Structures are given as C-alpha cells and as structure tokens.
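Peer 1: Before I ask anything, here is the structure I am working with.
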Amino acid sequence: MAAPEKRRPLIVEIKRNALDDGPGIRTTIFFKGCPLACTWCQNPEGIRTYPEIAYAPGDCLLCGACAAACPEGAIDLERRPYPVDRSRCRRGGSCTAHCPAGAIRLVGRYYSPAALAEIVSEDLPFYKNSGGGVTLSGGEPTLYPRYQASFLPALKFKGIHVNLESCGHYHRPAFEKYIQPYLDLVYFDIKLIDPAAHRRHIGRDNRRILDNFTALIRRGKVPVLPRVPLVPGITTAAENLAGIARFFKGLGLKRAALLPYNPLWLPKVESLGLESSYRCDRLMTPGEIEECASYFDAFELEVF
Amino acid sequence: MIPPGKQSGRFSNLKAGLQASFVLKLMSLMFRLSPSFRRNIIDEEKGYRFNARIQFRTLDGSAEAYAIFEEGRMKAGRGRIDGADLTFNFKTGAGLQSIFSLSNPADALKMMLENDLFMEGNLMYLAKFGHLSKELAGGQKKRKKLLRLKESESTVGVMDYSPSARDAHPLVHRAVLQSTPHDQVEVLGEPYLGGYRLEQFPRLQAAREKLFTTPAEVCTERPHLLTKYFLKEGFEEDRAGKKRHPGLRQAEALKYILSRRRPMIKDDDLLAGTTTSKDVGVLLFPEFGALALWPELLTVDEREMNPYRISAADIDILNFEVFPFWTDRNVMEHTRHKYGNPRCQQLEGRWVLYFCWKAHAVSHTIPDFAMILQRGLLDIIAEAKRKEAAAAGEEERSFYRALQAAQEGVLAYAANLARRARELADALGDDAGSQRRRRELEEMAAVCERVPAYPARTLHEAVNAIWLCWLALHMENMNAGLSLGRLDQVLQPYFLRDAAGAKSAAEKEALIRRAVELVGCFYLKCSDHLPNVPDLGNRLFGGSSSDQALTLGGVDRGGGSAVCDMTYIFLKVTEMLALREPNVNARFYPGVNSEEYLKRLIEVNTVTAATPSLHNDAAVIPALVEQGFALEDARDWGSTGCVEPTSVGRHMGHTNCMLLNTVAALEMALHDGVHPLVAEQVGPHTGDPAAGGSFPTFDDFKAAYKEQLGYLIDQSIAYNDYLGASHQELHPTPLLSSFFDGPMEKGRDVIDGGARYNTSGAALVSITDVIDSLTAIDELIYREKAVDWKTLLQALEADFSGFEALHARISKKVPKFGGDAAGPRELAQELIDFIYDCYQAHRNYRGGLYTSGFWSMSNHVAFGTLSGALPSGRLKGKPFTPGITPSPGVTDRLLSNIHTIAGLDPLKMPNNIAFNVKVAPGAQDSHTAFVERVTAYAKSYFELGGMQMQFNIVTTEMLKEAVDRPEDYRWLLVRISGYNAYFVELNRDMQQELIERTEFNLAAGN
C-alpha cells in the first residue's frame, strides 16, 4: 500500500444515481482540487484543494443567523452577491451549522478510502443491473494517486466498473502505478491543441496532457473515450477543432465525444464569491454543434 | 346596537332557527298540497309509511328545529323533540342556516366531511331528507326535463362525450421491443407480440372508442329485481311468517335476479352477457351504500365530477320502490341499530379517522376460476346436493341448498343468453358481414349451452365461463375490489389445447389473434360497469373504478417460473387497450423469472403510462408464509382490489376492510387526545405537549403517539367486527362460497369463516407524514433544542405563517424518509412493527388474523385536505403522501427512494404496500434505452427486497395540460395508490397531488 499524500483529498460531492458520467447507473465522486484553471471551468468548486463556503441567495431567508455565529465577523448579508469576506473567513463552518435554510454551506469533506468504498458499494445492484459503476471526477481525481491506490482496489474486489474523468495533467509514473490498473474506462478531455492558447486560457502548457494521452492510447491497457469540451469563442475555433481531429486521427482513433457548452456553471462561480474572465450565458444551437462536428467528420472520426 | 362579535352569534342563531322552521313548514305544506310529493312519505298501495323524527340543532343548543313525519303527515317547528331517529348537530348557527337556504342550500355531506356537521342516528333518513329537499326545490321540473330528452341527448355536462371529442390513443411511445421464447412460453414465437397493433383489431378498437364516448348511466335492473323479490317473498320472514335462513334467502334472491335479467349480447361482442343493462352502467347495491345516491337522484346527471345519466323512470323506481325498502336493512344501519350506535361507529362517521369498507362490500377476494373451468357448475351443484343429503342439521342443509340455488341462477342466465344468441343469429340476413356475425352468434350460443354448466374445453369456453361467473358474482357482491386472480395461469392449459390442434402456422397465428380478441373483449366488459360513487365519494375515492385486480406471472405452486404464453397475451391486451379495468398487477421473482419478462412489464408501463403495477414474489411469498400459509398456497397469490395479496380461491381476506389515517393519531397526540377537526376528545389523555414537561424525552412523545394510534386501530377493528357480524346476518354470499375452496367441506359460508384461510386486511394511510413529523420533533425539540414545544405548536396553529425560518429548517435540514439518513428509516420500521403487532393481536369475526399494509387508494388526499399543518412542514389542507411513498422533494434521486422502501421488512407488511414512482419519459432517450434503464431500477429494487412498485410514466407538463384541456386527455391513465384512474376524472386536489409528486428524470443528458 502506498504512503498517503501530504494533503488529504476533499470531496465536493458524491453524486449517486448519476446517468451522465459513463454507462448505466453510476455514482460519481467529485474530488476537490485541479492542476488546471480553465476560465470556463464547469465545476469551479472543484478547483481549490481546500474547503470553501458556498452561498445560495435564492435559499437565504436573510435571518442573520450565519453572521451572528461567525467568530471572525466575516459575514455581512448586505454584501452582494457573496456575503463572506474570503480574506477573513477561516472556514470553521459555524455559519453553515446555524443556517436554517441550508443557504450557506461548506464545500469539501474528507472521507477515508474505506468509508468512501462503503458508501459507493450501497448501490451495487443498480450498477450490476444497468451496466453502471463508479466514476471518478472532479476537480482532478489523479491529483491523489496514493489515496486512489487505497480506495480503488476495494471497488475492483467487488467487481465495480470504474470510469475516470480526467483533464490529463497528471504525473504519469504515479498514475500508471496507482490508478490505471483499477480503471475500466477513461474519459480524457482534450481542450486546446495549441500550446500558447492552452497557456492563455488554462494557465499551463499542454505538453504533458498530450503526452499522457498518447501514452494511454499507445499502451492500450484501458479503453479511452476522448472528449472535447466545446466552449464558444475558445475551443470552438476552426483551427483548434481541426488540430484536435488531426491529433486523434494520427493516433488511429475512431470516435470522440463532443461536450457542448452549458452555462449552468456561472451561478456556481458567484456562489463561491469568485469572478470569472470568461462569460457566455447561453446554450449552443444545434447548428453550432453541427458545425463543430464537421471538423471531425473530415477526419473520419465518429463524434456524438 | 349590538356590539360586533358579542351578541351577533346569538342573533344569527335565532335567525337560523327561524329559517329552518320556515323551510320545514313550507315542506310540510307541500306534502299537504301535492299528492305526488306526498307519495314520498305515504304510499297506500305498497303500505309504505315514512315515520321519522328528525332534529336539527346547534351543538350548544342555541338554535333548534324539528320535523316529525307520521302517517303521511309532516309536522315542523322550532324547539326540541324526544326520541329523534336522526339528529343534525351543527357546529354553528350559520351552518344550520346554510342548509336551509332556499336559493343555494349547502351540501350536508360536505359539511359532515369537514366536521361542520355531525349526525346521530340513521344516515339513510338523512339521504331521504336530502332527496325530499331537492324534490321540493324542483323535482317535477327535473322529471319533465328528463322526459323531454331524446335518447341521444344527455344532460351530462362538463366532459364532452360527443364522438368528435378527441380520443387519440395515448401512446407517446409505441411498443417496439421483440423477444424470443423464454420461461414457460411454448406457442408464441415472439412473446412480446411486438407486431400487433390495436388497428388490426377493429372489434376491440370500436368497443374501446365507445367506452370513452359513452356517459355512464345508473342501472336499476339489479336493485329493482332484488327489491321486488323481497317484497314478494319477504326478507326477515317468508310469506308464512317463518324466519328465513340468511344464506338461502340470499341465494334465492340471486337466482331470481339472474333468471329474470335481460340476457344481452352487445354488438360485435364475442362474450355473451353483461353486468348491467346499459352500455356503461352504474351498479347499485341498496343493501350496502347505494342509498347515498338518494339525495342526488335529481342532480347526479348534472354534478361536476363523474356525472351519471339517469332516467325519470329510474328515479322513481329507486325513490319509491328500492330505497325505502332498504332504509333499515343495509349493513351500516343494521349495525348501528343492533349495537346501539357504538363509539367505534360514531368515530368512523367523522370521516377523518378511519374508513371501514365493510359497510359497502366484502368483495376484496378472488374466486377459484380454475376449479370452475375444470369441474363445471353441475358437478359442484351435485356435490352440494350430496352434502345436503348427508348433512346433520337444518342449518347445514340450508347452507348446501343455498350453494345449489345460487349456481342454478347462473345456469338459468346462461341458458337465457344461449336462447338470445340464437334469436339474434336467426334475425340476421344473408350478406357476408351478417353471415360472419351469425356464425359468431351461433358459436356463442353453443358456448353458453356448454359453460359454465360443464367443464370448459376451449379458450373461448373458458373465457366466457369466467365472464359469466364473474358477472354473476357481481349480482351478489358489490363491484368494489372483487378480483380475478391469475387468469394467465388459469387459461394457459386451454390456450395450449387449442394450439395443439392448429395444423399450420397460419392456423396458429389465427389462434393467437383470437386469444387477443377474447381477452380484449373480457377487458372491455370489465370496464363497462362502474361502482356507484356518491359525490362525497368523488372526494374520498376519486376516479376509482371497481378495482378488479388481475394478476400475471410470478412463480407456480412448485416455485418454477409461471410466465407463459397467456401472460404475454394479457400484457399485449393491457398495452393496446390501456384501460383502467382490470387493474393489472404483475409478479416478478428475481432469479426465477427472466429479465426479458421484466423488460416487457416496463415497456407496457411506458406505453400505457401507468400499468401494470409490479410485485416482488421474493418478498410477498415469505410475508404470506409468515401469516400461516402453506408455501404452495403462498406462491399461488393474486392481487386483490389494489395491491393486497390473497391466496387465490381459498383465502377470504377482505383485504381492504379499513383505511386508517395514521396522521390523525399524531394530531391527537399533539392535543392530548383531542382531534382538532373533530373538536372533541377522541383518544385517551396522553399529555398536553403545550404544558411544559409533559414529554421529557422524545421516546415519551413517541409512546403517546403509539397509544393514540393503538386506540384508533382498536376502534376500527371493533367496528369492522360488528360490520362483519351484520354481514353474517344480512348478506351471506352463497355464490362466492360455491366458487371457493373450503365452504363445501366446512359447511359454512365464506362470511362465516368457511374459506381455508381467513384474514382481514387494513391499509395504513400516509405513515410517511408521521415518520417525517416525528423525526422533525425529535431533531428540533429534543436533539438540537432549536425550538420548544410551545413554539412548534404555535407554528402549526399558524400554518407556519410567521415561522418561515422554522419551516425552512424543517424542509432543508431535518432528515426525511426517502433520503439517505438512517434515522427516519429506523423509525419507519419501528412504527411498522408496532402497527403489525397491534393488528396481529386481534382475531376477526371469522377467526382470522388482521394484516397491515401501507397503501392509501386516494384517501391520502381526502384525509390530507381535512388535516392541519404538521411538524414535517406539510401545510394545512395539503394532501398527504400516497401509500408509503416518500414525500415529494425529499430527494431527486430515485435510487435513494428505492433504498429506503426496499429496506423495509416485508414480513411486517403482509397486506402489501404501494410505492409510487413518477418518471418522466426522456425526450432524448430511445424507447429501448429508456425501457432498459427503468428495468435496471426495478430489478435492483426487487433484488434489494422491495415488495411493490408502481409507475406513472408521464411528464408533469402533460398532467398540467390535462387539467386545462381535459377533453384532449380523456384516455390519460394514472396510478393513484394501488389502483388506476383516468386523470380527468379526478378531483382537483388529487390532480394537484399527482402533479406535485417528485418527477424522477431518468434520461441521460438531463
């Protein structure tokens, strides 16, 4: 067994009954913490490794119980849209305990590998009957290879299908040693093919991601579904999609998934008291999605 | 000057008393002036007198009026009378005044339901008085109007029954899946019959169309014949003055009805015989509850909810001949008189505590059709004759004579039908269409000459024999929950025998189509009669039909898969017709029945939106064994009425003898035994939470709740046993006893414990609201100490207005039943165990056990609208949750609901459960993908041990549209709690409850 990570992984949410994160009925575990910082991040609560306070104005009764309970005096309900002063907040959680409406809550909780395995095992019959299983998502689950190494074998022992959703920016030797042996499927996201654009919108170079992807495909130990998030004005550029398609083709791939943009993440950014440089408030039209798909058709790649 | 609010009450009560006596005097004047009106209270020709003393008063006695009917005269005035047969007790003077309003009289039954009025005495006098008021207001005018109506016209309003009203088949999805033979399928090459469409069966399509475009009409054939018979032959005593044997008396009456009924064969029907003389008829049982229609006779065709057509002649038959005879001879009033209006009966009359079905029916049981088909009635009659000859005493001899007479009635009816079929055949011309119909009629005549007298040989004979015995049983016992059992098992041997004779693939195909047609005709005939539902019943049991439960699949007596060809024939018909009746239930044994079968059950649910309901053999069978059933008999179970299991043909289980409001006991525990709506001490004093220190710990309060609940259970059981004893005196069922395993050997009617197995089953309504409320009390008052008792009670009193933070805390932070928290699940099991023990401590009037189950028909809505705000956060007047379904909004994950319900111990719920799941069909999913996904949920639920689940596969959007445009959604089938209904026939509260149920979205990409 591997020695534990320096930092214990926190979990944003254990989403049971998930139908979108792989085949069948699944439980998706959202790990907190990600090496990337995409400007359109769909799960902004999964970026930072530490706990955060989320605030839902729609549920708030403005009763002031949170402000009264905060020992740091960090909460002022007049402050809009996010009432917590992040610089003073020590994330003690008294506000969340006192909120009657659940409008303010602490995001990020630690589960021991054994406890987590027990929770996800409750739904075993559903996995079995639907061809489902467990999906590791986030955030970035590969950030915690040693934790995974003590968590995943329990799932394998029970015959649970494991799918990994990854951004691909991981330390390959650790991934191959501690995580990959337990995977049945990988959803691997490729966002931008141009290193400069990648640095601009994601904050890091994409070399490691492309190398990891290439290695994963070449070794062929686990089925991989490459996915391309469609972010209007960023990843939807013609040269990017064509470049990704060419890259896939070069690796001999036959199919890929396109993930059309969804603006549901925007309120989540606000609820954490954060700001975002990217903004797009609407869903993509079928025509726009069709156009994106056409770049892949040109390389005889089946996209869905 | 009268200071407002001070003396105005006294003043208005004075006014109320004056108004009442004025109207009553007006009525008495009319009796003097109008001979036709006078006929209501005196009929020299029939020797009928309506002699009754009726008192009207406010509870505090500040307003009083009376009416005395005596020898054809009516006296009325203000003040008090002695020896009232019926007393109206009004909560307020305004209430009293409102029912004597000349312009817009209030509905007394509605006032009773809301406890603004409660009655002491014979309720049939109330019904009669209600009718007299309406006669006075416009009886003659209404009759003239009805007489002017042409046959084709209808006064039925609201719903557009004209043929132009859209009656599209509901199918959003078409069934498309196909399969290969599995389980016990021998004949069908493709068991799902995926290629079959309703359009290929014009006979069925036309009859279905007719069903949806024909308004229901009151049928007086049965009650009229019944009453005529007793007027002639005597009821209590025969013409010679000798006391009549109840069983023999009932058998002779049934024989009289069956031999004299009009033998009818509907156009293009394949099965001879009808339940009523109308296209869609309402059956009346004046010996039970039909008199509730008395005050509605003149208006039932105009009421908003589920109106019935009625002719002027039928109004008079019921008003002058039928109803007067049964005023004291019905089960409810017989019981009241015999036991001196016992407390348990009074409490039932307050509506909000419990409802005992036995005043209306003991039908919830299943006859032994397999035996009928194998032996034929002549053989059963011969056995009864032998037993009669060998019997020791007169009582026993009479019983066996009754078995014979009842069955002779069925044979007489079959003979009349055979004659009728030949007459119709002979009247047909020589063209090709007529020739085809003539051959069909001749075949029907031959079938009726053969069965049910002799053993059935073909599927056609078998289905028609079942149909004839079925309708005959409905001449004996109310069409409420009498159930069909496992007809796929019963009919499979006849289908196989037919198939063995098929010489070619084409002949085999023709046989399969013929089987679909026969079963289709059977379904349509189960659908063309309705139980009589008074307007009050629209509120209590809205949209309920007669709940003729049919059961398919599961395992056979040896434990092997029973899924066979006929299972799939029935499923195909269920899917194509998508009817409310019969109420189709399917059994599934994980690991024994194939997944292919389960998948087909889900597909039929997807197409019909609501049927069949699904049951887990692996949970139900052990629950029956625990109740003392032999394993083979437990395996041979069928759903009865709604969901309740009884062992087919040998188990008298009156499985819906009561519906008990578990929340009422909570309201009583919160008020030291006083129920707030009833406004009097109902249960024992268990302590007033408002007084500090009454309940130092949560366990103390829980104990108070259990004490109140135990009290209601005891009272409802006492009433049920009284009613059962009345049935024994008034209404034995010799025909049902003839078709049962046990009575022949024991020499006793099923109502006297003649069946092999005897139980009574209860439905506990809305335990979910209790679990959530008790959990909230525990969390808020005892664990978190967030509020004290006083605050919580104030919040409930205020319906949480001004207590929004508390309400939010309850909604968001207190764990609920159906979520992932363990606490509510453990509490649920504790209450279920307690309830089980309460019931099992009693033996019923037939010597059997009481069983508890958790389903609610539609009473969760009725009880809910009568109840106050609850600690669970449910607001005043809102519906409770159906069956044992978690509250809406607890979770958006079906999986959590499933875990919760599957985790409950089936052994402690032997009368079964109803677990509702509303699923939105996914627009983006293919039919196949959707069916497979729902199958995965259902299979997992059953593997985890869940007993029952029932689907509504419909979007909330569509339900809302159906509220706005009912004419476009005539067909929309929904499942309430255990039974099916057409959505547009439900009252608004029930429609809203369905709309608000959690909609689980199982489509990927949502």
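Peer 1: Please find, among B:873, B:877, B:868, B:883, the residue that is within 14 Å of chain A (Cβ to nearest Cβ) and either in contact with a Phe, Trp or Tyr (Cβ under 9 Å, 6 or more places away or on another chain) or part of a loop (DSSP other than H, G, I, E, B) (or both).
Peer 2: The unique qualifying residue is B:873.
Peer 1: Still on this structure, please answer the following. Which of the residues spanning region A:48-75 are away from every other protein chain (no Cβ under 14 Å), in contact with a Gly (Cβ under 7 Å, 6 or more places away or on another chain) and not hydroxyl-bearing (Ser, Thr, Tyr)?
Peer 2: Selection gives A:48, A:51, A:52, A:71.
Peer 1: Right, here's the next one. Output the number of residues of region B:262-280 satisfying the condition of being in contact with a Lys or Arg (Cβ under 6 Å, 6 or more places away or on another chain) and modelled with pLDDT under 95.
Peer 2: Final tally of qualifying residues: 1.
Peer 1: What are the residue pairs meeting all of these: first residue in region B:717-742, first residue touching a residue at least 12 places away in the same chain (Cβ under 8 Å) and surrounded by fewer than 24 Cβ atoms within 10 Å (Cβ to Cβ), second residue assigned to a helix (DSSP H, G or I) and acidic (Asp, Glu), Cβ atoms under 6 Å, and 6 or more apart or on different chains?
Peer 2: Correct list of pairs: B:728/B:752.
Peer 1: Given the options B:533, B:490, B:463, name the one that is assigned by TED's automatic domain parsing to the domain that holds residue B:447 and among the β-branched types (Val, Ile, Thr).
Peer 2: It is B:463.
Peer 1: I want to confirm something. Restricting to region B:308-344 and keeping residues that are surrounded by fewer than 19 Cβ atoms within 10 Å (Cβ to Cβ) and among the aromatic types (Phe, Trp, Tyr), which single residue is nearest to residue B:543 (Cα to Cα)?
Peer 2: Here the residue is B:320.
Peer 1: Quick one: which of A:28, A:39 is under 29 Å from residue A:174 (Cβ atoms), in contact with an Asp or Glu (Cβ under 9 Å, 6 or more places away or on another chain) and in the same structural domain as residue A:155 (by TED's automatic domain parsing)?
Peer 2: Just a single option satisfies the conditions, and that option is A:28.
Peer 1: Oh, and also: State yes or no: is residue B:852 within 16 Å of the chain's Cα centre (by Cα) and among the polar types (S, T, N, Q)?
Peer 2: no
Peer 1: Let me ask something else about it. Enumerate the helices (runs of 4 or more DSSP H) found wholly within region A:76-166, keeping only those where 3 or more residues are within 14 Å of another protein chain (Cβ to nearest Cβ) and farther than 29 Å from residue A:213 by Cβ.
Peer 2: Where helices (runs of 4 or more DSSP H) fall fully within region A:76-166 and carry at least 3 residues being within 14 Å of another protein chain (Cβ to nearest Cβ) and farther than 29 Å from residue A:213 by Cβ, they are A:94-98, A:113-121, A:124-130.
Peer 1: Given the residues B:687, B:641, B:693, which is the only one that is of a type in the set (Gly, Ala, Ser) and under 21 Å from the mean Cα position of the chain (by Cα)?
Peer 2: B:641
Peer 1: Can I ask one more? In this structure, does residue B:330 turn out to be of a type outside the set (Asp, Glu) and within 22 Å of residue B:208 (Cα to Cα)?
Peer 2: Against the criterion (of a type outside the set (Asp, Glu) and within 22 Å of residue B:208 (Cα to Cα)), residue B:330 does not qualify.
Peer 1: I would also like to ask the following. Check whether at least one residue in region B:582-597 is surrounded by fewer than 24 Cβ atoms within 10 Å (Cβ to Cβ), free of Cβ contacts under 8 Å to residues at least 60 places away in the same chain and either assigned to a helix (DSSP H, G or I) or not aliphatic (A, V, I, L, M) (or both), and report yes or no.
Peer 2: Looking for residues that are surrounded by fewer than 24 Cβ atoms within 10 Å (Cβ to Cβ), free of Cβ contacts under 8 Å to residues at least 60 places away in the same chain and either assigned to a helix (DSSP H, G or I) or not aliphatic (A, V, I, L, M) (or both), one finds at least one in region B:582-597, hence yes.
Peer 1: Another question about this same structure. Does region B:962-971 contain any residue that is closer than 26 Å to residue B:640 by Cβ and in contact (Cβ under 8 Å) with a residue 60 or more places away in the chain?
Peer 2: Looking for residues that are closer than 26 Å to residue B:640 by Cβ and in contact (Cβ under 8 Å) with a residue 60 or more places away in the chain, one finds none in region B:962-971, hence no.
Each row is one residue, and each column tells you yes or no for (1) more than 25 Å from residue B:867 (Cα to Cα); (2) touching a residue at least 60 places away in the same chain (Cβ under 8 Å); (3) under 29 Å from the mean Cα position of the chain (by Cα).
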{"site": "B:102", "(1), (2), (3)": "yes, yes, no"}
{"site": "B:113", "(1), (2), (3)": "no, yes, yes"}
{"site": "B:128", "(1), (2), (3)": "yes, yes, yes"}
{"site": "B:131", "(1), (2), (3)": "yes, yes, yes"}
{"site": "B:142", "(1), (2), (3)": "yes, yes, no"}
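Peer 1: Another one. When the residues of region B:486-532 are filtered to those that are in contact (Cβ under 8 Å) with a residue 24 or more places away in the chain and hydroxyl-bearing (Ser, Thr, Tyr), which remaining residue is nearest to residue B:363 (Cα to Cα)?
Peer 2: Checking each candidate, the answer is B:527.
Peer 1: Does residue B:853 count as away from chain A (no Cβ under 14 Å), surrounded by fewer than 24 Cβ atoms within 10 Å (Cβ to Cβ) and touching a Gly at 6+ places or on another chain (Cβ under 8 Å)?
Peer 2: Considered against the rule, which asks whether it is away from chain A (no Cβ under 14 Å), surrounded by fewer than 24 Cβ atoms within 10 Å (Cβ to Cβ) and touching a Gly at 6+ places or on another chain (Cβ under 8 Å), residue B:853 comes out as no.
Peer 1: Right, something else. Quick test of your reading of the structure: residue A:14 fulfils all but one of (1) surrounded by fewer than 18 Cβ atoms within 10 Å (Cβ to Cβ); (2) within 14 Å of another protein chain (Cβ to nearest Cβ); (3) farther than 19 Å from residue A:117 by Cα. Name the failing condition by number.
Peer 2: Result: residue A:14 passes all but (3).
Peer 1: Can you tell which of B:914, B:902 is facing chain A (nearest Cβ under 10 Å) and closer than 18 Å to residue B:587 by Cα?
Peer 2: None of the other options fit; the residue is B:902.
Peer 1: Only one of these is touching a strand residue (DSSP E or B) at 6+ places or on another chain (Cβ under 8 Å) and either at pLDDT 95 or above or more than 14 Å from every other protein chain (Cβ to nearest Cβ) (or both): B:759, B:791, B:775. Name it.
Peer 2: Only one candidate passes the filter, namely B:759.
Peer 1: Are any residues in region B:10-41 under 36 Å from the mean Cα position of the chain (by Cα) and farther than 20 Å from residue B:105 by Cβ, and if so, which ones?
Peer 2: If the condition is that a residue be under 36 Å from the mean Cα position of the chain (by Cα) and farther than 20 Å from residue B:105 by Cβ, then B:39 is the only one that fits.
Peer 1: Collect the residues in region B:675-709 that are in a helix (DSSP H, G or I) and buried (at least 22 other Cβ atoms within 10 Å of the Cβ), keeping them in residue-number order.
Peer 2: B:701, B:704, B:705, B:708, B:709
Peer 1: Shifting gears a bit: Suppose we filter region B:428-460 for residues that are among the acidic types (Asp, Glu), in a helix (DSSP H, G or I) and free of Cβ contacts under 8 Å to residues at least 40 places away in the same chain; how many remain?
Peer 2: Residues in region B:428-460 being among the acidic types (Asp, Glu), in a helix (DSSP H, G or I) and free of Cβ contacts under 8 Å to residues at least 40 places away in the same chain: 3 in total.
Peer 1: Of the residues in region A:17-47, how many are part of a loop (DSSP other than H, G, I, E, B), in contact with a Ser or Thr (Cβ under 6 Å, 6 or more places away or on another chain) and within 14 Å of chain B (Cβ to nearest Cβ)?
Peer 2: 4
Yes/no per residue for (1) at pLDDT 90 or above; (2) surrounded by 18 or more Cβ atoms within 10 Å (Cβ to Cβ); (3) part of a helix (DSSP H, G or I):
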residue	(1), (2), (3)
B:14	no, no, yes
B:29	yes, no, yes
B:32	yes, no, yes
B:36	no, no, yes
B:53	yes, yes, no
B:69	yes, yes, no
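Peer 1: Still on this model: Any chance region B:726-745 includes a residue that's part of a loop (DSSP other than H, G, I, E, B) and over 30 Å from residue B:226 (Cβ atoms)?
Peer 2: No.
The values are calculated or read from the model by the stated rules, or taken from the named source; none is laboratory data. In this text, all values refer to a predicted model and were calculated from it rather than measured experimentally. In this analysis, Cβ positions are derived from the backbone assuming ideal geometry, glycine residues included, and neighbour counts consider all displayed protein chains.
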